[in-house]
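What follows is a set of notes on a single structure, which appears directly below.
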Amino acid sequence: MVDKSASLEERVADLEAQVGALTSVVSQLQAGAATVEVVPPSVGKKMSRSVSSQGGSSEEILSWVDKSYILSRIATTSFIVAIALALRTAADSGSIDMQLGSFIGMLYAFGLIMYSWFAYRERSIQAPVYILWGVVVMCAVVVEAHRVFATVPTELAYIAMAVTGLVATIVSRVNRVALPVFVGTLGMSFGSFALDYPSPVFPYLVVIMGLANIFATYATRLLRASWLRWLLLMLTLFMIQIWDLKLAIYLGRLAPENLEFSVQGLLPSIGFLGLVFAGIALLGVLGKVQERISKFDIWLPVINVCWIFLAAKYAVNQGLTTPATFGWVASVAAGAHLAVSWWLSQRQEGGSPGTGSFALAGGLLLAFAAPMALGHAVIASAAVALLAVAMFWLSVRRGNIGLRLVSYLLQFYACSALVYLLWTTDGTKPSIIGALSSGLLATIAFYHYFLARRSPLVVTEGLAARLNKNDRGAGVLLVAALFSGFFTLRVGLYQTLDMLHMATNSAFGGAQSVLINLSAAALLWLSLVRRNKELRNIAVIVTVIGAGKVFLMDMVQLKGMPLMTSVFTFGLLAALASFVLGRWSKGASASSSERDQY
């Protein structure tokens, strides 16, 4: 009887424990917790050793730190490294031929990579270990066999690196995991750099880096990793920088026509990489890489054309080709970017993402290359200014604020480039040709500003809207027009002083200060009459420029009557500014008091 009561008590206790466990599970489900898997007692002590595919690529990477995986993975790593060291020891001791040992080592590494393929298909927790160490061993064997023992020829070494990255990418694609392509692209890139550093075979390395950037773009489809794309882009630009430096060293001893293609082929290689990056950027802004367009894809067209021009300009200066030839080729590339921008603007109302970035890239490349192609910077600046007006017209028609902002930037660049050219070439004797060119650009910029104010900005969202809030960027057009107009009027000043036989450096410097002060005074008065805050702000900027000209330059360079005139006119300007800004303050106070009354 006692045994029966004890047995009954045990059964009641078991039932209470089960009810408590079920109550806990139900509470977790009601609280919105993750899915809880109830394991039957018969299999509760048997843990699955496979990698779940439900977590995605990020779960695959995070699983490396799982306590139940790390010890077994350390053990697998130890066995893999031990076998690799055994092969190296056998080759060093002479037990096997060095060339045969290099081949066996490469075959061993390739076997690890291929085994990871099947391990991923079986969802084994050891699959990441095999792909990681397979790539590491392959790169180490190829680099050492080529650099130290010379048992692997150059072409075969670069091919082995490319095949390693390609197979790793295929493993990622087949099994929908990100780690293999990450490891493969980094391994093939850094391994190829190490093959012949600091004097790599640049054409082969260019192909490797182009493939690595393509593979990294595919990796982004599996897992957002812009850091990998930025890293490979910087590594590619670093390679081109090394090539430029090597080119200068070789040209110090040989003529350009006597160079080998591995050194002389810089320009074709730059063109190849430029096409690769342009294609990647286009796929990115079209949403073919990932659903959410990354900032890398938005900025890549602009970065691409800037580094291409800088690297190619260096090669042109070294005599690899003529400036006119490069200028026309670059102008055609600029036209292609602008055509892509126009096509993107037609895809949907408001333009597709990337319209502004390709337009800015094409406009900048045209601004850089047109002076070299045409042989005349003034004509090139006028062409860029007209292009900016055309972009503005298209932005209004398509309702694209990004294109509108790009037109402002290009117009400002065109005027600034011409102003800098005239400032450095005309000196103290401005020419009639400079006056006509600056007057033309001032007219175009004023017309652009007039169009901007006649076509109010439609309120939109996005980065371009935040950068150009309330269309304040249009004020840049007025500033550019004023700069260009100043260089036109200073010619008239010089000609007037020359007629009066007073065209000295001192008199001309003082007259320019008077012109700046009068321009600021006119803008201040006009802003007060029209109650225009934009004119007021620009007038303040011109006033600050006038103050800098008078107190930082004239005080040092001028003396006598020109200095007195310069300081006196600025004093009048300061008095007028005090009056005008005081009226603005009173007007603002009156408006605020009226609002308080209501």
For this session: Based on the mean of other Cβ atoms within 10 Å per residue, sort peptides 518-525, 153-160, 450-457 so the most packed one is first.
Result: 518-525, 153-160, 450-457
Exercise. Excluding ligands and nucleic acids, what accessible area in Å² is computed for PHE309 using a 1.4 Å probe, to the nearest 10?
Worked result: 30
Exercise. In cubic angstrom, how much convex hull volume per residue do the alpha carbon atoms of segment 79-233 span?
Worked result: 99
Exercise. Got a number for the accessible area of ASP14? Probe 1.4 Å, square angstrom, nearest 10.
Worked result: 90
For this session: On each of the three principal axes of the Cα atoms of segment 477-537, give max minus min coordinate, whole Å, ordered largest first.
Result: 42, 20, 15
For this session: Beyond 20 Å, what share of the Cα-Cα pairs of segment 237-297 is found? Please give it as a whole percent.
Result: 46
Exercise. Rounded to a whole number, what is D in µm²/s for segment 160-208 from Stokes-Einstein with the Kirkwood radius over alpha-carbon pairs (25 °C, 0.890 mPa s)?
Worked result: 222
Seminar exercise, completed: Rounded to two decimals, the Rg over Rh value of segment 492-595 from Cα coordinates and the Kirkwood Rh reads 1.11
For this session: Using the Kirkwood radius over Cα pairs, work out the Stokes-Einstein diffusion coefficient for segment 294-391 at 25 °C and 0.890 mPa s, in µm²/s as a whole number.
Result: 177
For this session: Would you mind getting me the FRET efficiency between GLU257 and PHE149? Use the beta-carbon distance for r and R0 = 45 Å, nearest 0.05.
Result: 0.80
For this session: Starting from the eigenvalues of the Cα gyration tensor, five times each then square-rooted, give me the equivalent ellipsoid semi-axes of segment 327-372, largest first, whole Å.
Result: 23, 9, 5
Exercise. Can you give the accessible area of CYS139, probe radius 1.4 Å, in Å² rounded to 10?
Worked result: 20
Exercise. How far is the Cα center of segment 300-341 from the Cα center of segment 252-279, in Å?
Worked result: 13
Exercise. Can you work out the FRET efficiency for the pair GLN495 and SER455, with r the C-beta to C-beta distance and R0 = 41 Å, to the nearest 0.05?
Worked result: 0.60
Problem set entry | For segment 357-370, Karplus couplings with θ = phi - 60° (6.51, -1.76, 1.60), whole Hz, Gly/Pro x | 5, 5, 5, 5, 4, x, x, 5, 5, 5, 5, 6, 8, 4
For this session: Hey, for a label at ARG176 modelled as a point 7 Å past Cα toward Cβ, could you say which residues of segment 92-122 have their backbone N under 20 Å away?
Result: 116-122
Seminar exercise, completed: Cα extents of segment 151-291 per principal axis, largest first, Å, are 51, 39, 19
Exercise. Fully extended, how many nm does the chain gain between ARG224 and ALA75 (0.36 nm per residue separation, minus their Cα-Cα distance)?
Worked result: 50.6 nm
Exercise. Counting only heavy atoms of protein chains, what accessible area per residue, in Å², does segment 244-303 have with a probe of 1.4 Å?
Worked result: 52
For this session: Using only Cα positions of segment 206-360, each an equal point scatterer, no hydration layer, compute I(q)/I(0) via Debye at q = 0.12 Å⁻¹ and quote the log10 values to two decimals.
Result: -0.56
Exercise. What part of the accessible area of segment 381-457, given as a whole %, is carbon or sulfur when the probe is 1.4 angstrom?
Worked result: 72
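The values are calculated or read from the model by the stated rules, or taken from the named source; none is laboratory data. Quick caveat, the model's predicted, so the values are computed rather than measured. Virtual Cβ from ideal backbone geometry, glycine too; neighbours counted across all protein chains shown. For the accessible areas, the whole protein counts, side chains as well, though only heavy atoms, and no ligand, DNA or RNA atoms are used. Shrake-Rupley method; radii C 1.70, N 1.55, O 1.52, S 1.80 Å.
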